[in-house]
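Report on one structure; see the data block that follows.
Bear in mind these aren't lab numbers, they're just calculated from the coordinates by the rules spelled out. Because the structure is a prediction, the values reported are computed rather than measured. In this analysis, Cβ positions are derived from the backbone assuming ideal geometry, glycine residues included, and neighbour counts consider all displayed protein chains.
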Amino acid sequence: MKAYIFYTPTFIKPFGDHVSQAWVMNQSLSQCQQRACDAAGLELVRIKDLSQVNSFPCVVMPDYVYVSEKALRDFVVTAKRKSFHNARLAIKRCVSTQYSLALQDVELFDWEGKRPLVAYDIWLMDSGPIPKDTDSLRKVLGDRCQILEIPLRELTIPVKQPMIQQQARSFDFPITSTVCCHLSHWTHLLWLSHLSFGIAWMELARSHRLKTGLKLLKALATGSGKKWKILAGLNQVGSGCDVHPTAYLEASILAEGVKVGAGAVIRNSIIGPNVTISDHARVINSVIGENCLLTENYFILHSLCYPGSVLGNPKTQMAVIGRDVYLYGWTSFLDAKFSGYIKVMHEGKPVDSHRSFLACCVGHRAVLNARVLIHAGREIPNDLYMVSRPDDTLIDIPSDLPANTPLVCDRGSLITLEELKRHERQGD
Amino acid sequence: MPLGLAVTKELQQAGIEPLMGKVNGIQTNSILLPDTMFVTRKVIRKFIQNCPPGRGVFRLALKKGPLTRWLCPLANIDTNDEFVMFPCYLVRKQPPKASNWEQLHRQLSRSAQPVILDPGSRVTRIRVPTRTGTESMIPRTDMVAADVSHWVHLLWLNQLIPWIMLGQHEGKKNEDGCIMGDHCDVHPTALVENSILGDHVTIGPFASVRDCVLGDWVELTESSRLNRCCVGDRCRTLADSYFIGCTFFPGSTLANFMLRESIIGRGCFITSGLVFSAVGLTEPVHVNMHGDRVDSGRWLLGSAVGHGCTLGTLGLRGNIAPGMEIPNGYMIVMNPKDGLQSPCVNPRPMEPFMNVKGTATEVNASTYGRRS
């Protein structure tokens with residue numbers, strides 16, 4: 001059976017990339033779609049428009065849909081088992097579907113009722129015709145196709161968030177491999193990167209059943225029932241990796257050629273090929289793209305990083321970092337809002353992200369080398385080159401100032417504190 | 001230790017009696033070198049071994065490679081396509097008469113025959129956070145010769161000292177590749193690797209010391225992290241400090257979130273709040289030399305801090321540009337108005353205030369805002 005993925009003019013801001021190049025699971029979205037189709041036994045055909053669909057039965061979906069291997073396979077298998085000839089993929093309302101739901105263009109059914117469902121744009125059809133116009137696809141096919149809920153199992157982990165104004169906050173973090181998402185915003189990439197930990201492990205386990213089973217047995221045997229010890233034994237380390245003996249890995253997937261320095265910590269993360277994680281850097285619940293350099297003592301948490309970046313800020317959390325970004329020099333991302341939700345730009349207007357904790361998205365090739373704070377939810381455009389204000393940087397040090405006398409930075413140079421106060425008294 | 005003492009020790013180990021003196025009392029069959037030069041014992045031994053027999057003047061030369069690339073930018077040396085010539089001579093004839101070293105050096109260099117040694121090409125590659133995506137290739141050899149005429153040479157030379165010393169004392173290394181002095185106190189959670197520790201060194205919990213040389217009575221407190229540093233006697237780091245590729249003269253108290261490729265003079269106090277930039281964004285870092293700003297050839301280079309400096313903070317936004325020199329005895333503090341000096345006396349709950357020129361000011365009442 002063929003799976004037709006048709007082109008839509010969906011672009012992810014601030015990158016300007018077509019959605020098929022969006023970075024998910026350390027691959028482009030188009031590679032993820034290919035992998036899912038392969039796992040479901042479907043022959044992927046990319047088409048410019050729906051008039052090119054010429055083989056039935058088939059699966060049709062737009063190019064902005066991310067679907068995990070398991071979700072797509074379950075959709076095909078369940079439709080066959082239940083003899084659904086025309087079906088639309090749906091997942092029940094649960095922690096994982098709600099996790100990535102904000103700003104998604106999906107249809108909700110019986111949302112407050114007994115059987116709430118999220119319906120995605122993945123259609124199984126046994127015959128034509130198919131509307132030529134993608135805008136009327138949902139309307140026309142919605143009448144023809146039955147909603148098919150696919151099975152879902154998820155594990156949720158309660159995570160405490162910082163208490164603000166005496167109000168305790170927490171949320172359930174889902175782990176599942178049944179995931180579907182309509183990508184149209186950078187926040188979707190971030191939510192998917194959070195979910196990729198569970199997806200990647202389950203997909204790895206399915207593709208290498210024996211190896212993963214043995215690894216799990218070994219981890220259980222050495223872990224003596226203690227979850228941290230078991231998780232520390234569950235790592236997938238690629239060939240040619242160089243991991244310092246004092247580094248700590250936990251439930252992480254490292255591709256080939258990764259270098260991990262002394263005292264570094266990598267937990268629940270996916271690390272791409274040839275990444276260098278320097279001494280004492282910490283990577284937690286993050287996806288790091290190929291060939292990135294994480295400098296000494298860098299801390300990255302719950303973030304997604306495209307390939308080729310150099311990262312050296314004090315701390316980055318809940319952020320999306322574009323390709324070949326240079327982030328070094330104390331640029332800080334604000335990532336919390338004390339009341340209400342953080343707003344992000346979507347389709348030209350600010351909208352609620354439905355999150356109180358969210359940093360920003362840094363465009364491709366941006367250079368951030370200034371001591372500035374960037375507000376939560378902002379989009380840093382591609383190629384932004386940001387340096388410190390000249391008067392904040394000490395670039396001229398006179399050699400004739402008195403020793404052991406307090407000196408202060410003034411317009412890029414040093415003057416004595418007395419002189420500064422004199423200027424201020426004179427209103428200069 | 002001071003450069004002169006280090007060279008003296010190396011010459012003695014090579015079986016040469018060092019004599020500090022003027023250029024007019026030189027005897028035949030002598031090694032001549034200025035006091036700005038550093039050589040290891042292995043270089044001197046090989047130089048003497050490789051000099052051809054008979055009368056003449058022979059000049060030390062090193063084949064071009066990682067070592068010369070590392071140490072020779074801004075150095076006062078002669079070079080050609082294949083090798084770098086240092087002002088170090090073996091004189092096996094009556095030396096010419098000269099009134100100073102420069103004159104003698106000129107005369108010797110005219111007749112000297114270069115003796116070329118190969119320091120090897122073994123390197124440690126380290127990815128560095130520069131925009132150009134370059135790697136640092138730190139030469140790993142104990143055959144080192146260097147002209148030390150600028151603070152950058154002192155910095156770069158000191159980054160090689162661990163390899164030189166560990167190569168010279170191969171048999172004394174422990175299982176972690178370290179040479180430990182007497183009465184060292186290393187916390188069991190600390191990591192000490194490929195380093196040389198002097199006597200009475202104290203290393204606190206969760207500290208990390210890699211590829212470093214620590215002098216006597218050095219104290220590293222909790223979570224201090226040092227990579228490729230050379231730390232003088234009686235230096236002390238404060239908790240949670242991070243230093244990479246730095247050289248510290250003795251007797252300093254040091255704290256910084258991240259200090260890279262910098263050299264700190266004797267008896268300094270550096271706080272955590274001071275930010276030293278160490279990256280050239282659009283061009284390599286420039287440094288002062290003979291009154292001009294010159295290209296150091298490095299994209300990653302910090303600053304030099306003179307003796308007896310006390311460096312506080314430059315405030316929330318302030319930082320020191322790369323390649324700066326802070327003269328001896330300077331005391332840098334924050335502009336008082338960058339910090340909150342006058343907190344609000346009777347704040348109302350959840351009423352937001354902001355710092356305007358050192359005074360807590362109600363956000364709504366503030367005149368602070370966008371420029372028109």
Which value, in nm² and rounded to one decimal, describes the direction-averaged projected area of the C-alpha convex hull of chain B? 24.4 nm²
Putting +1 on Lys and Arg Cβ atoms and -1 on Asp and Glu Cβ atoms, find which of A:F173, A:L220, A:V387 reaches farthest to the positive end of the dipole of chain A. A:L220
Cα atoms only, the protein assembly as shown: Rg and Dmax in Å? 32.0, 107
Normalise the Debye intensity by I(0) for chain A, one equal point scatterer per Cα, no solvent, then take log10 at q = 0.13 Å⁻¹ and round to two decimals. -1.18
Nearest-0.05 FRET efficiency for A:M1 and A:K211 at R0 = 25 Å, using Cβ-Cβ distance, is 0.25
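With +1 on each Lys and Arg Cβ and -1 on each Asp and Glu Cβ, and nothing else charged, work out how big the dipole of the protein assembly as shown is about its Cα centre, in Debye to the nearest 20. Walk me through the numbers on the way to the answer.
Details: 85 positive and 73 negative charges, 262 e Å.
I would put it at about 1260 debye.
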Against the longest alpha carbon principal axis of chain B, how many degrees, from 0 to 90 and to the nearest 10, is the axis of helix B:41-50 turned? 30 degrees
In whole angstrom, and with the biggest value first, how far do the Cα coordinates of region A:188-257 range along each principal axis? 38, 25, 22
What dipole magnitude, in Debye to the nearest 20, does chain B give about its Cα centre under +1 on Lys/Arg Cβ and -1 on Asp/Glu Cβ? 1060 debye
Over chain B, the sum of -39500 (n - 2.57) across DSSP H runs of at least four, divided by residue number and rounded to 500 deg cm²/dmol, gives at 222 nm -4500 deg cm²/dmol
First select every other residue whose beta carbon is under 12 angstrom from the beta carbon of B:E219; then total the charges, Lys and Arg +1, Asp and Glu -1. -2
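Can you tell me, using C-alpha contacts under 8 Å and at least 6 residues apart, the relative contact order of chain B as a whole percent?
9 percent
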Name the residues whose placed amide hydrogens come within less than 5 Å of the amide hydrogen of A:D324, ignoring near sequence neighbours (fewer than 5 apart) on the same chain. A:G308, A:S309, A:R365
Between B:E82 and B:D199, Cβ-based FRET efficiency (R0 51 Å, step 0.05) works out to 0.70
Treating cross-link reach as a plain straight distance, find the aspartates and glutamates whose alpha-carbon is under 12 Å from the alpha-carbon of A:K13, omitting any fewer than eight places away in the same chain. A:E347, A:E379
Express in nm, to one decimal, how much length is gained between A:E418 and A:R115 on full extension, taking 0.36 nm for each residue of separation and deducting their alpha carbon distance. 101.7 nm
In nm, spacing of pseudo-spin labels at B:M1 and A:V237 (7 Å Cα→C-beta vector): 4.0 nm
Using the Cα centre of region A:243-361 as the reference point, and only Cβ charges (+1 on K/R, -1 on D/E), how large is the resulting charge dipole? Debye, rounded to the nearest 20. 320 debye
Only helices counted: for chain A, with every DSSP H run of 4 or more residues adding -39500 (n - 2.57) and the sum spread over all residues, [θ] at 222 nm is -6500 deg cm²/dmol
Relative contact order of chain A: what whole-number percent is it, with Cα pairs under 8 angstrom and at least 6 residues apart? 10 percent
Give me the number: length gained by fully extending A:K218 to A:S332, i.e. 0.36 nm times residue separation minus the C-alpha to C-alpha distance, one decimal in nm. 36.9 nm
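What Kirkwood Rh does region A:218-387 have if only Cα atoms enter the pairwise 1/r average? Answer in Å.
Final number for the Kirkwood radius of region A:218-387 is 16.6 Å.
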Rank B:W299, B:N194, B:N256 by how far each Cα sits towards the positive end of the charge dipole of region B:173-334 (+1 on Lys, Arg Cβ; -1 on Asp, Glu Cβ) and give me just the farthest. B:W299
Name the aspartates and glutamates eligible as straight-distance cross-link partners of A:K80: C-alpha to C-alpha under 15 Å, and not fewer than 8 places from it in the same chain. A:D126, A:E149
Surrounding net charge for A:F333, when Lys and Arg each add one and Asp and Glu each subtract one, Cβ distance under 10 Å: +1
For B:K337, give me every one of the lysines with a C-alpha distance below 25 angstrom, ignoring sequence neighbours fewer than eight places off in its own chain. A:K421, B:K357
At 1.306 mPa s and 10 °C, plugging the Kirkwood radius over alpha-carbon pairs of region B:3-139 into Stokes-Einstein gives what diffusion coefficient in µm²/s? 98 µm²/s
Once the dipole of the protein assembly as shown is set up with Lys and Arg at +1 and Asp and Glu at -1 on Cβ about the Cα centre, which of A:Y326, A:G142, A:A366 lies farthest towards its positive end? A:G142
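Report the antiparallel proportion of the DSSP beta bridges in chain A as a percent, rounded to a multiple of 5.
Taking every DSSP beta bridge within chain A, about 40 percent pair in antiparallel fashion.
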Could you check the spin-label model distance between A:E347 and B:E135? Points 7 Å from the Cα along Cα→Cβ, value in nm. 4.9 nm
May I ask for the angle, rounded to the nearest 10°, between helix A:29-39 and the longest principal axis of chain A, with both axes built from Cα atoms and the value confined to 0 to 90°? 40 degrees
Once you've got the Cα coordinates, tell me which of B:K42/B:K173; A:K70/A:K337; A:K92/A:K229; A:K48/A:K82; A:K48/A:K349 are over 25 Å apart. A:K70/A:K337; A:K92/A:K229; A:K48/A:K82; A:K48/A:K349
Once you list every other residue whose beta carbon is under 11 Å from the beta carbon of A:H346, what net charge do they have if Lys and Arg are +1 and Asp and Glu are -1? -1
Between B:S111 and A:L204, with labels modelled 7 Å along Cα→Cβ, what's the label distance in nm to one decimal, could you check? 7.2 nm
Using the beta-carbon distance between B:R45 and B:K337 and R0 = 56 Å, what value does 1/(1 + (r/R0)^6) give for FRET efficiency, to the nearest 0.05? 0.40
